[in-house]
Amino acid sequence: MRVLVVGSGGREHALCWKLSQSPMVEKIYCVPGNGGIEEIAQCVDLEYEKSFSELVQLIKKEKIDYTLVGPEAPLVAGMVDYFRKRELKIFGPSKKAARIEGSKVFAKRFMKKYQIPTADFAIFSDSVKAIEYIEKQSKPQVIKVDGLAGGKGALVCQTKREAVKAVKEILEEKAFGDAGKRIVVEERLRGKEISFFVLTDGTAVKALVSSQDHKPILDYDNGPNTGGMGAYSPAPLSPSLFRKIMGRIIQPTLGGLKEEDSPYRGVLYLGLMIEAGEPKVLEFNARFGDPETQVTLPRLKNDLLKVLLAVSQGSLERIKLEWRRQAATCVVLSSAGYPGKYETGKTIEGLSQLSHIKNVFPFWAGVKRENGNLITSGGRVLGITALADTIKESIRQAYRGVSKVHFEGMHYRSDIGYQALK
Ligand code: AMP
Ligand code: GLY
């Protein structure tokens, strides 16, 4: 089969890498792809964010059989509906189902309606009312923009002053544009965070192995949130917690979406906070995680294409997901300034040395090739991933990989995975 992957980050590199191992895959295309994906796929740089028509032209011209969408924006904009109308095969939820990620206001109201455990909240579009509400709260609050914000739209505030500042920036100064027309103000939860993924074809539901992302830019979870600075798998998840998540969160969520006339098909990603063994939903996403995908796919034994097709065709029940017992860790290297305004155009050195280290995979994100050199071109530049017998060893190997790579202003967290060792 000819498969198209949409996206350009480390997640899409990992997806292409895993797809390239499938005997069923004849050729991979990636729009727009990146310098690393180029080695395994034909990258085509075309406009797809505003209109899907060029993508459809490419699919027809190249006789592409199946499309997999990495990022949320095209899903929320309705790419899956557009493709299905034209009888093109694609993996992912409909526009209506993807609202669960596209609007935090929708997601919070949905959770309230279906009694899915989440932080207490209120919704505002008026800054005066939001500030009045914040002044009355006794616990610290998190301010979230309603729409998509590339993982940077949740402002975790330590004090009322910070919360008020965030409200003003979003609702008055429009720091997030239209995505911030409405905000959610919610109670700040304490506990351990995990990422939880399920595949569903609308009927069968299968969980992926557990993983944990590290959102803040600095060690020990300090500094502003990013798209994700590293991940490891497996993350601690007891059988009883697993049952609670499936029973109290996944079932009512998928059932509720059906009742709302938007049955979910694809991969559903939950960010969860676990306090004293009780899970609460921080957020829903309608896609694979970045960088969680970089640590879950190296552990997956199945043919990824077969699994995705089973989701699309409604035959997931027949698939048994099989996982390597090994652990994986991914350390993200980012550009100076990220997640704020960041520098690009720096020469990357040492990447070729990684091919000599067994089971270390560099997944490329913001890297391009220019006159034979590798140049940084994004905020998150590379995800150095290692697979090993234990978490401890995978952390060690990932950092061994990191130590070989250099570019000016290179930043990474030095504590990825350490929570798993406690
Ligand atoms: P979100 O985009 O909603 O997933 O938020 C991004 C990150 O902000 C999460 O991964 C958490 O680390 C943090 N966060 C979001 N909501 C809360 C909350 N209610 N309490 C504590 N931390 C939160
Ligand atoms: N790991 C964060 C995200 O994919 O949104």
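The values are calculated or read from the model by the stated rules, or taken from the named source; none is laboratory data. Quantities reported herein were computed from a predicted structural model and do not represent experimental measurements. Cβ coordinates were reconstructed from backbone atoms using ideal geometry, including for glycine residues, and neighbour counts include every protein chain displayed. Calculation scope for accessible area: heavy atoms of the full protein, side chains included, ligands and nucleic acids excluded. Shrake-Rupley method; radii C 1.70, N 1.55, O 1.52, S 1.80 Å.
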Label-point separation in nm, Gln115 to Gln313, each point 7 Å along Cα→Cβ: 3.9
Tensor-based shape of the range 40-141 (alpha-carbon gyration tensor, a/c under 1.5 rounded, otherwise prolate or oblate): prolate
The range 90-227 shape via C-alpha gyration tensor axes, a/c threshold 1.5: prolate
Gained length - Lys301 relative to Arg369, 0.36 nm times residue gap less alpha-carbon distance: 21.3 nm
Residues in the range 127-154 that a label on Lys168 would reach, taking backbone N under 11 Å of a point 7 Å out along Cα→Cβ: none
Within-14-Å neighbourhood charge of Gln42 [Cβ basis; K, R +1; D, E -1]: -2
Contour excess over end-to-end distance, with Cα ends at Ser238 and Tyr418 and 0.36 nm allotted per residue: 63.0 nm
The chain - accessible surface per residue (Å², probe 1.4 Å): 44
Gyration tensor (alpha-carbon) shape descriptor, the range 274-418, a/c threshold 1.5: prolate
Amide H partners (placed H, <5 Å) of Gly35, local residues excluded: Val367, Arg369
Label-point separation in nm, Glu408 to Asp45, each point 7 Å along Cα→Cβ: 2.2
Calculated [θ] (222 nm, deg cm²/dmol) that DSSP helices of n ≥ 4 give over the chain, each run adding -39,500 (n - 2.57): -7500 deg cm²/dmol
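Show me the GluC sites (Glu not before Pro) within the range 13-47 that DSSP assigns to loop and that have at most 12 other Cβ atoms within 10 Å of their Cβ.
Glu26, Glu47
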Protein accessible area in the range 6-48, 1.4 Å probe - carbon and sulfur %: 44
The range 306-378: trypsin sites (Lys or Arg not before Pro) in DSSP loop, at most 10 other beta carbons within 10 Å: Lys320, Arg325, Lys341, Lys358
Total lysine pairs whose alpha carbons fall under 23 Å of each other in the range 278-422 (8 or more apart, or interchain): 13
Quotient of C-alpha Rg and 2.2 N^0.38 Å, computed over the chain: 0.94
Separation in nanometres of the label points that stand 7 Å from Cα toward Cβ, at Asp219 and Glu349: 2.4
Relative pair counts by distance (%), Cα atoms of the range 224-279, 10 Å bins: 18, 42, 33, 7
